[in-house]
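The structure appears below as structure tokens.
The values are calculated or read from the model by the stated rules, or taken from the named source; none is laboratory data. Note that this is a predicted model, so its numbers are computed, not measured. Positions of Cβ are backbone-derived with ideal geometry, glycine not excepted, and every protein chain shown enters the neighbour counts. Areas reflect the complete protein model, heavy atoms only, side chains present, ligands, DNA and RNA absent. Shrake-Rupley method; radii C 1.70, N 1.55, O 1.52, S 1.80 Å.
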Amino acid sequence: MGQDLSLHRAGDVTTLPPPSILPLMGQDQNLKGAGDVTTLPPALILPLMGQDPNLNGAGNVTLPPASTRRKKLIAVCGSTGTGKSQLAVELAQHITNHAHDDTRMGSEIISADSMQMYEGLDVITNKATRQEMEDVPHHMLSVLDPRLGDECDVGTFIQKANQIITRLHDDPNVDYVPIIVGGTNYYLQHLLLPGKLVSMDDDKREHVDNSDSDGGKEANAVTEDTVDQILASLGVPLENEQRQLLLRLSEKSDDHDPSALQLWKLLNVLDPKMASRWHYRDTRKTRRSLNVLLETGKRHSQWYEEQREKEQVEEGEEEDGGGGGVERMVIWIYSDLNTLRQRLDKRVDKMIERGLLQEIVELRSIARSLEQSRGDNAVDYTRGIFQTIGYKEFDEYLTHRERTFGSLDGTSDLIPDPSDDQGRKLFDHAIESMKLATRQYAKRQISWLRNRLAPDIGRKASKGIRLVILDATDPNQWQENVNQPASDIIDAFLNDAPLPLEKTIPIPTSNSPAKKSRKKAINASTADDQSSTDDRLSFVICPICTPDEPGSEPQMVLRAKWQDHIHGKVHKNAMYKRGILSRSGPDQSEEAQKKRAARQAARNVD
Ligand SMILES: [Zn+2]
């Protein structure tokens with residue numbers, strides 16, 4: 001056998017080097033799964049083995065420095081309820097167990113789920129139980145204290161996750177393959193495709209402007225001269241009123257609070273590209289872009305472009321083997337939404353049995369004490385742990401119950417009393433709402449995987465990242481359709497062998513009509529993510545709906561929602577108002593006219 005030959009050549013069988021040294025020899029990672037050795041062309045191995053300095057005088061074999069090993073990473077993604085956590089554990093065990101005693105392979109799991117980062121609340125956040133973790137180390141679970149109102153932003157997550165990944169990859173004794181499992185779309189996106197890390201929405205991580213949270217009032221004051229220099233360099237003549245506004249911003253004076261529209265219009269003159277990214281009502285972002293301009297003398301859009309180019313250069317270097325390139329294998333376990341729906345519904349019922357309501361009661365008291373201590377609106381359903389599905393859905397029921405029966409703390413049975421008609425109704429409604437919200441979340445996750453992650457990975461296919469999709473629709477076929485193919489693919493991935501793709505499926509398409517899938521694309525982008533911006537998420541001003549009077553508020557429409565907008569009520573009414581449409585009943589000519597007007601509007605925008 002090829003392997004035996006090579007071993008003899010290397011010296012003594014008993015001193016076979018642990019396969020962790022094999023990456024040094026290039027293709028010889030194939031030897032890792034020593035059982036598969038028959039599939040290897042021995043001719044390929046032997047010369048390489050011969051050249052390996054570690055094999056000369058085979059008695060003194062040492063592991064190569066961790067830095068010279070080929071670094072690999074696995075990600076398991078998919079919508080909620082598909083069995084991601086389970087597959088991650090199975091793969092981690094497969095990697096660890098598959099190795100021989102002397103192979104020193106290992107795997108640990110890093111959760112990329114923004115809700116599971118909170119301590120406790122295991123039911124509501126769907127955390128894997130100790131038992132389900134099967135002794136595989138899990139990271140980034142239960143690391144935030146909900147009592148402190150902690151929140152994690154994507155930048156912090158990426159930083160911490162990368163620290164763990166680096167530590168595992170640099171381990172001198174074990175060849176670790178970290179497995180990311182999740183979860184939260186924008187965490188995954190940024191972790192797997194780091195080129196996208198600095199996006200216009202979440203650039204505060206390494207941004208010139210770190211005054212994100214307070215609308216930019218902490219930034220340093222800029223002198224009048226500097227402001228004029230900046231204006232001169234941009235070559236933008238400002239009307240005096242706007243120049244005064246910019247000066248006031250540069251002084252950080254609070255005595256005059258400009259309106260959201262005034263600020264946005266100023267940005268629109270100075271940096272129209274960036275202005276198109278923000279709705280004029282989004283004062284925080286508008287201010288931030290203006291602050292970047294004041295502090296760097298550069299347009300925020302330009303600054304952003306430069307960051308992007310820099311990243312691309314860095315990525316290019318990475319590809320050339322210039323540094324730290326990690327090979328990434330992404331496994332998406334897909335489940336058909338109709339089938340998944342039933343599973344998700346059942347899961348909600350089960351969560352209630354497992355103590356969901358007790359956790360929500362706990363969360364409610366956390367929210368109250370946060371509100372008391374901070375005096376702010378801690379119970380913001382769009383922030384932190386309070387976004388978790390179930391919390392707001394059960395609010396009405398639990399509030400009712402509290403009013404009727406007093407404090408809920410320590411109440412073990414929170415199921416409605418048979419005599420409590422209203423309670424029963426609210427309870428049933430809460431369950432239905434939670435089921436609906438869960439389904440919608442799953443749907444958004446799938447849309448995002450289909451419309452964002454998969455295409456993004458496709459574009460970077462040559463850069464050490466690959467995606468395979470497995471069909472987890474039938475849980476009874478898990479072993480055959482998911483576990484086994486995933487294990488085979490991972491073996492090939494770790495061995496740099498061609499991937500066995502027989503069981504993989506193509507990117508699932510959306511069966512719904514075009515309009516619906518457009519909507520999905522939007523959902524996928526805005527979704528649960530407070531994150532990503534791209535072209536579809538820039539704003540256009542509808543010339544039909546925006547009143548002609550100067551100073552009136554523009555009708556800003558997301559580019560991605562443009563088609564919906566021009567077919568919507570608001571827009572149609574504006575067309576009636578302008579006499580583009582007549583109300584004389586729908587006839588052929590009106591239909592045509594409507595289409596013309598819509599086309600006209602679209603042209604004005606593009
Ligand atoms: Zn319109």
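Values as computed for the structure displayed
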| item | result |
| --- | --- |
| Some residue of the range 84-100 being in contact with a Phe, Trp or Tyr (Cβ under 8 Å, 6 or more places away or on another chain), outside any helix (DSSP H, G or I) and open to solvent by 20 Å² or more (accessible area, probe 1.4 Å) | no |
| Enumeration of residues in the range 377-387 that are at pLDDT 75 or above and farther than 10 Å from Ile360 by Cα | Gly384, Ile385, Gln387 |
| Enumerated helices (runs of 4 or more DSSP H) restricted to the range 207-300, each holding at least 2 residues that are open to solvent by 20 Å² or more (accessible area, probe 1.4 Å) and at pLDDT below 90 | 224-234, 240-251, 283-296 |
| Listing of helices (runs of 4 or more DSSP H) fully contained in the range 402-502 that carry 2 or more residues being modelled with pLDDT under 90 | 421-448, 454-459 |
| Residues (touching a residue at least 24 places away in the same chain (Cβ under 8 Å), out of contact with any Pro (no Cβ under 8 Å at 6 or more places or on another chain) and not in a loop (DSSP other than H, G, I, E, B)) located in the range 379-394 | Gln387 |
